[in-house]
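**Student:** One structure coming up, written as structure tokens, with questions to follow.
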Amino acid sequence: MKFGVVVFPGSNCDIDCYHALRDVMGQPTEYIWHKDRDLSGFDCIVLPGGFSYGDYLRCGAIARFSPVMDKVIEFADRGKPVIGICNGFQILTEAGLLPGTLLRNQNMKFICETISVKVENANTPFTNLCEEGQVLNIPIAHGDGNYFVDDSTLEEMQVNGQIVFRYCGPDGQVIEGRNPNGSLKNIAGVCNKKRNVLGMMPHPERCMERILNNEDGVIIFKSIINYLEGGGIDG
Amino acid sequence: MRYWKDCWGVNSMYYARVFITLKKSIADPQGNAIKEALLSMKYDGVEDVRMGKLIELKLENPTREEAEENLKDMCEKLLANTVIEDYSYEILEV
């Protein structure tokens, strides 16, 4: 399965994503410069983390108008999987592919730590090998990860199973004390209604190998491959 | 390359200021931090602080209406995120 990692000016997790997919998962993977417009041949697009355009104006706001994004939107509209991690998540909300937005962390600090997240929906292209309620330990590293969405959209998202990850305690307790950044309902990752577009603040590409003492991120990419190979999700 | 003189007599220059503020329903941690700082400086009368953005633009358009129409489009598409922000603007002819 062929993965494409989009590189915006200011992306800084593109190399990690490329390494995770090509070297760890053994998948053909290519970088896609943000000015390219050809996504033919790709099975999954990754928008990596970083500080595209220096976070000017709002995180992801300017990257959203990079030439490649029209093609990413078309790709997503065709039902193909798109995953945005951290700044990639911010770009997806700015592009309107995902609901809501990411505000400045409530405590105004840049937070860089490994944190527990609970898989709320294991019936997506990105989580189909997880158990519902499974707890993954994945690093976060962001200053603007405070998820917000209006009440009526949130209700709709809950009905549609669009909340994919929530910050939690080590045993899966979703409680305010385990909310690192002020996110509404501890939300750490959401998908669109069709579930083929996922945005998440935690960085699975940073915990893929035993040498790093954490391989919890592997299951996300394994799930995508499983989905692309025809396995995985109901309905 | 287009030069200003090529447009002389066709377009007018407008100066626009766009004000972007967080919607009232959105918490503003930056505003709160500023408020706390002001209170710690003994400015006791500070009830609330909200922080926003000011964007200044020079626009070249045939009419004020067209300049305004473009500006509104820019606000909706890029300058503001209407999920969390409100915007207002003023346009002056230069």
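**Student:** Can you grab the distance from the C-alpha centre of region B:70-94 to the C-alpha centre of region A:116-169, Å, no decimals?
**Tutor:** First find each Cα centre; the distance between them is then 32 Å.
**Student:** So for the protein assembly as shown: antiparallel DSSP bridges make up what percent, rounded to the nearest 5?
**Tutor:** Numbers: 42 of 57 bridges.
Around 75 percent antiparallel, to the nearest 5.
**Student:** Counting only the backbone N, which residues of region B:41-55 are under 15 Å from the spot 7 Å out from the Cα of B:SER88 toward its beta-carbon?
**Tutor:** So the set is B:50-55.
**Student:** How much net charge surrounds A:GLU94 when only other residues with a Cβ under 11 Å from its Cβ are counted (Lys, Arg +1; Asp, Glu -1)?
**Tutor:** On the way: positive: A:ARG58, A:ARG64, B:LYS77; negative: none.
Summing Lys/Arg as +1 and Asp/Glu as -1 gives +3.
**Student:** What are the residues whose amide H is under 5 Å from the amide H of A:ILE32, where those residues sit 5 or more places off or on another chain and H is modelled from the backbone?
**Tutor:** Counting only residues 5 or more places away or on other chains, the set is A:VAL5, A:VAL6, A:VAL7.
**Student:** Still on this structure: Among A:LYS118/A:LYS193; B:LYS53/B:LYS77; A:LYS71/B:LYS24; A:LYS2/A:LYS71; A:LYS194/A:LYS222, which pairs are too far apart, with a Cα-Cα distance over 27 Å? All intermediate terms of the calculation are to be shown ahead of the outcome.
**Tutor:** Values: A:LYS118/A:LYS193 20 Å; B:LYS53/B:LYS77 16 Å; A:LYS71/B:LYS24 35 Å; A:LYS2/A:LYS71 16 Å; A:LYS194/A:LYS222 20 Å.
Violating the 27 Å limit, Cα to Cα: A:LYS71/B:LYS24.
**Student:** Express the carbon and sulfur contribution to the solvent-accessible surface of chain A as a percent, rounded to the nearest whole number, probe 1.4 angstrom.
**Tutor:** Values: 4350 of 9450 Å².
Using a 1.4 Å probe with all protein chains present, chain A comes out at 46 percent carbon and sulfur.
**Student:** Name the residue farthest towards the positive end of the dipole of region B:4-93 from the options B:LEU71, B:LEU22, B:GLY45, assuming +1 on Cβ of Lys and Arg, -1 on Cβ of Asp and Glu, about the Cα centre.
**Tutor:** Highest projection toward the positive end goes to B:GLY45.
**Student:** Test of understanding: what is the full-extension gain from A:ASN160 to A:ILE15, defined as 0.36 nm times their sequence separation minus their Cα-Cα distance?
**Tutor:** Working: separation 145, 0.36 × 145 = 52.20 nm, distance 3.34 nm.
Result for the pair: 48.9 nm of gain on full extension.
**Student:** Here is a follow-up. Among rounded, prolate and oblate, which fits chain B when a ≥ b ≥ c are the square roots of the eigenvalues of its C-alpha gyration tensor, a/c under 1.5 means rounded, and a/b larger than b/c means prolate? Write down the numbers at each step before the final one.
**Tutor:** Details: a/c = 3.81, a/b = 2.45, b/c = 1.56.
Since a/c reaches 1.5 and a/b is larger than b/c, the shape of chain B is classed as prolate.
**Student:** Right, something else. With the solvent-accessible surface defined on protein heavy atoms using a 1.4 Å probe, which residues belonging to region A:101-129 display a reduction of at least 50 Å² in accessible area in the multichain context relative to the isolated chain?
**Tutor:** By number: A:LEU103, A:MET108.
**Student:** Using DSSP to define loop residues, name the trypsin sites (Lys or Arg not before Pro) in region A:101-195 whose beta-carbon has at most 16 other beta-carbon atoms within 10 Å. Intermediate values should be presented prior to the final figure.
**Tutor:** Numbers: sites: A:ARG104, A:LYS109, A:LYS118, A:ARG166, A:ARG178, A:LYS185, A:LYS193, A:LYS194, A:ARG195; in loops: A:ARG104, A:LYS109, A:LYS193, A:LYS194, A:ARG195.
The qualifying sites are A:LYS109, A:LYS193, A:LYS194.
**Student:** Total accessible area buried between chains B and A, 1.4 Å probe, in Å² to the nearest 100?
**Tutor:** Values: alone 7050 and 10030 Å², together 15940 Å².
Roughly 1100 Å².
**Student:** Once you have a ≥ b ≥ c as the square roots of the Cα gyration tensor eigenvalues for chain A, tell me rounded if a/c is under 1.5, and otherwise prolate or oblate according to whether a/b is larger than b/c.
**Tutor:** Details: a/c = 1.28, a/b = 1.14, b/c = 1.13.
Verdict is rounded for chain A.
**Student:** Fully extended, how many nm does the chain gain between A:ASP150 and A:ASN123 (0.36 nm per residue separation, minus their Cα-Cα distance)? Walk me through the intermediate numbers first.
**Tutor:** Details: separation 27, 0.36 × 27 = 9.72 nm, distance 2.43 nm.
Here the answer is 7.3 nm.
**Student:** Label points 7 Å out from Cα along the Cβ direction at A:GLU131 and B:TYR43: separation in nm?
**Tutor:** Here the answer is 5.5 nm between the modelled labels.
**Student:** For Cα pairs less than 8 Å apart in space and 6+ apart in sequence, what is the mean separation divided by the residue count of region B:4-93, i.e. the relative contact order in percent? Numbers along the way, then the final one.
**Tutor:** Working: 114 pairs, mean separation 43.5, N = 90.
So the answer I get is 48 percent.
**Student:** Given an 8 Å cut-off on Cα distances and at least 6 residues of separation, report the relative contact order of chain A as a percent. Provide the component values of the computation, followed by the final result.
**Tutor:** Details: 554 pairs, mean separation 46.9, N = 235.
After rounding, I find 20 percent.
**Student:** Another one. Place a +1 charge on the Cβ of each Lys and Arg in region B:3-94 and a -1 charge on the Cβ of each Asp and Glu, then give the dipole magnitude about the Cα centre in debye, rounded to the nearest 20.
**Tutor:** Details: 12 positive and 18 negative charges, 59 e Å.
The dipole magnitude comes to about 280 debye.
**Student:** Name the residues of region B:56-94 whose accessible area, probed at 1.4 Å, falls by at least 40 Å² once all protein chains are in place instead of their chain on its own?
**Tutor:** Listed by number, the residues meeting the 40 Å² cut-off are B:LEU78, B:ASN81, B:VAL83, B:ILE84.
**Student:** What is the sum of charges, Lys and Arg at +1 and Asp and Glu at -1, for the other residues whose Cβ falls under 15 Å from the Cβ of A:LEU57?
**Tutor:** -1
**Student:** Still on this structure, please answer the following. Any idea how far the Cα center of region B:13-44 sits from the one of region A:40-102, in Å?
**Tutor:** 29
The values are calculated or read from the model by the stated rules, or taken from the named source; none is laboratory data. No experiment lies behind these values; they were computed from the predicted model shown. Note that we place each Cβ from the backbone using ideal geometry, even for glycine, and neighbour counts take in every protein chain shown. Ligands, DNA and RNA are excluded from the accessible area calculation, which covers all protein heavy atoms including side chains. Shrake-Rupley method; radii C 1.70, N 1.55, O 1.52, S 1.80 Å.
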